[in-house]
Amino acid sequence: MPPRPRPPSPPAPSTPRHNRASGTEIPSQSVLSPTSTARQKVQQNLLRSTSTRKKRARKEAITIVDTEKDNSVFYGTYGRNYARVGDIFNRIETIAELGIKYEVSRASMFDTVCDEDRHLLESWRILKDAIPGFSDDMVTLRKDKVTRNSVFQQINAGCNDVRSEDTNSLKVNGMSYLLKNKLDHVHPNVDKSNKSLRGWGHPQCAAALCPIELSPTQEMFANIEAGNIVVTADQFPRFLYPDEHVYDQNDVYSGLLRGHFCLRVAKHIFQGPSAAHEAPGWSRGKNGNAALSGVTSMTPRSIAYVVVQARFCISSSSQWGSWDKNFDYAKFYWNIVDIFEGGEGKDIIAAFNYPVHLTSAINSEVFGVSNPSIPTLTPMSGPAHPSQFELLRQQRAAKRARTDIQLAS
């Protein structure tokens, strides 16, 4: 008599896996709720991001993952890419928590928001557009603070890494971009590893930092350094304008953000130090930071990032932070961003992307293509005067009013 076949063995219970990155367990793949599915996906990305960051070289660290071939999301990598085009002064958790509330509620309370929340919500839009599935995952995991914080930690780390790399690289190379003639050298010469001799104590740094409406004299620099005159984030520093520019209080926009120092710092950051003094769009034959991170055009925020890095480079401050004595870098950053509010400043973006040169050829200053897609003054004493930013707003409003009158007539 043949032996009776054994009944099939019951399936072995699945063993939960442990996520070393967040310290939580990844649930089994039996029947998962949407929250569990999102948590499992995010935790797998966290594991891969953590192990990859320890092994990869810098070039690999800033290369975007091809999501058509690999569905993994390396959060630190996207943090690096986001820093230069997103928001370097607000932490990711601050941006994401407001963004999650907005996504969940879509309530009328968000129809009218303050400037700070408007900036944060725009940062959220940039962030969620940059990271595949980020918005859906964070909304689904809105009650899982531990997993969300692990994600935010990795993105913040990527942001801090690339900001620090740009700051340190400009500390070494940036002073060579300050003078218009690249063959000239600053005098007195400065130590590339020590910033203490820069700022208001160095005549050429001080001239570049000096607000455009003030006279760039040694007496002025001494008064500013002594604290007798307060320079704030509401003033336009002289390096934002071309060297030969003559300030006109009735037209503060003319020449704004056309200074050679800004353009060279932009090329340094997005193409590499070797491109800073070269012709528009020049590269040494390999992809620069812009190509590696998928950036094809300057934006208001990438220009603001360049300007903030440029100012910090020629200051005497050795420690990065939001404040440098009375100067608020975060406010300065947002003031630059707001120059482009309402679609204004397209000619500035065009000047960074494809300025017209004497040859009449239209070239890209940073990217090398002809038509890329463009995604209160505190005085020394006396009554307060409108800041350059306020004057710019007033002049734009007056221009719009004149245009409306002409159209109505």
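If the Cβ limit is 8 Å and pairs must be 6+ apart or interchain, which residue in segment 294-316 that is on the phi > 0 side of the Ramachandran plot pairs with which residue that is of a type outside the set (Lys, Arg) and open to solvent by 10 Å² or more (accessible area, probe 1.4 Å)?
Filtered contacts from segment 294-316: 294/64; 294/81.
Could you please give the count of residues in segment 158-175 that are surrounded by fewer than 22 Cβ atoms within 10 Å (Cβ to Cβ) and of a type in the set (Val, Ile, Thr)?
2
For segment 204-231, name all the residues that are assigned to a loop (DSSP other than H, G, I, E, B) and either out of contact with any helix residue (DSSP H, G or I) (no Cβ under 8 Å at 6 or more places or on another chain) or among the hydrophobic types (A, V, I, L, M, F, W, C) (or both).
Restricting attention to segment 204-231, the residues satisfying the condition of being assigned to a loop (DSSP other than H, G, I, E, B) are 210, 212-217, 227-231.
Once the filter is applied, which keeps residues that are assigned to a loop (DSSP other than H, G, I, E, B) and either out of contact with any helix residue (DSSP H, G or I) (no Cβ under 8 Å at 6 or more places or on another chain) or among the hydrophobic types (A, V, I, L, M, F, W, C) (or both), segment 204-231 yields 210, 212, 214, 215, 217, 227, 228, 229, 230, 231.
Please verify whether residue 257 is out of contact with any helix residue (DSSP H, G or I) (no Cβ under 6 Å at 6 or more places or on another chain) and open to solvent by less than 50 Å² (accessible area, probe 1.4 Å), treating the condition exactly as stated. Spell out how you get there, then give the answer.
Numbers: out of contact with any helix residue (DSSP H, G or I) (no Cβ under 6 Å at 6 or more places or on another chain): no; open to solvent by less than 50 Å² (accessible area, probe 1.4 Å): yes.
Judged against the criteria, residue 257 is not a match.
Residue by residue, here is whether (1) small (Gly, Ala, Ser); (2) open to solvent by 50 Å² or more (accessible area, probe 1.4 Å); (3) at pLDDT 90 or above; (4) over 19 Å from residue 80 (Cβ atoms) holds:
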site: 286; (1), (2), (3), (4): no, yes, no, no
site: 313; (1), (2), (3), (4): no, no, yes, yes
site: 330; (1), (2), (3), (4): yes, no, yes, yes
site: 334; (1), (2), (3), (4): no, no, yes, yes
site: 337; (1), (2), (3), (4): no, no, yes, yes
site: 342; (1), (2), (3), (4): yes, yes, yes, yes
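Note down all Cβ pairs under 9 Å where the first residue falls in segment 394-408 and is in a helix (DSSP H, G or I), the second is loosely packed, with under 10 Cβ neighbours inside 10 Å and not charged (D, E, K, R), and they're at least six residues apart or on different chains.
Filtered contacts from segment 394-408: 395/250; 396/342.
With respect to residue 149, determine if the residue is polar (S, T, N, Q) and under 24 Å from residue 41 (Cβ atoms).
yes
Among the residues of segment 186-199, is any surrounded by 15 or more Cβ atoms within 10 Å (Cβ to Cβ), out of contact with any His (no Cβ under 9 Å at 6 or more places or on another chain), part of a loop (DSSP other than H, G, I, E, B) and of a type outside the set (Asp, Glu)?
At the first step, the residues of segment 186-199 found to be surrounded by 15 or more Cβ atoms within 10 Å (Cβ to Cβ) are 186, 190, 195, 198-199.
Next cut, out of contact with any His (no Cβ under 9 Å at 6 or more places or on another chain) only: 195, 198-199.
Now drop any that are not part of a loop (DSSP other than H, G, I, E, B), which leaves 195, 198.
Those left that are additionally of a type outside the set (Asp, Glu): 195, 198.
Yes, because at least one residue in segment 186-199 is surrounded by 15 or more Cβ atoms within 10 Å (Cβ to Cβ), out of contact with any His (no Cβ under 9 Å at 6 or more places or on another chain), part of a loop (DSSP other than H, G, I, E, B) and of a type outside the set (Asp, Glu).
One line per residue, one yes/no per condition, for (1) open to solvent by 60 Å² or more (accessible area, probe 1.4 Å); (2) touching a strand residue (DSSP E or B) at 6+ places or on another chain (Cβ under 6 Å); (3) modelled with pLDDT of 95 or more:
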residue	(1), (2), (3)
205	no, no, yes
211	no, no, yes
214	no, no, yes
222	no, no, yes
227	no, no, no
236	no, no, yes
239	no, no, yes
243	yes, no, no
249	yes, no, no
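Of these, 80, 53, 91, 58, which one is open to solvent by 70 Å² or more (accessible area, probe 1.4 Å), within 15 Å of residue 160 (Cβ to Cβ) and at pLDDT 90 or above? Can you show your working first?
Numbers: 80 fails: open to solvent by 70 Å² or more (accessible area, probe 1.4 Å); 53 fails: at pLDDT 90 or above; 58 fails: at pLDDT 90 or above.
Residue meeting the stated conditions: 91.
The values are calculated or read from the model by the stated rules, or taken from the named source; none is laboratory data. Treat the numbers as computed from the prediction; the structure is a model and nothing was measured. Here the Cβ is made from the backbone with ideal geometry for all residues, glycine too, and neighbour counts use every protein chain on show. Please note that ligands, DNA and RNA were not included when accessible areas were found on the heavy atoms of the full protein model with its side chains. Shrake-Rupley method; radii C 1.70, N 1.55, O 1.52, S 1.80 Å.
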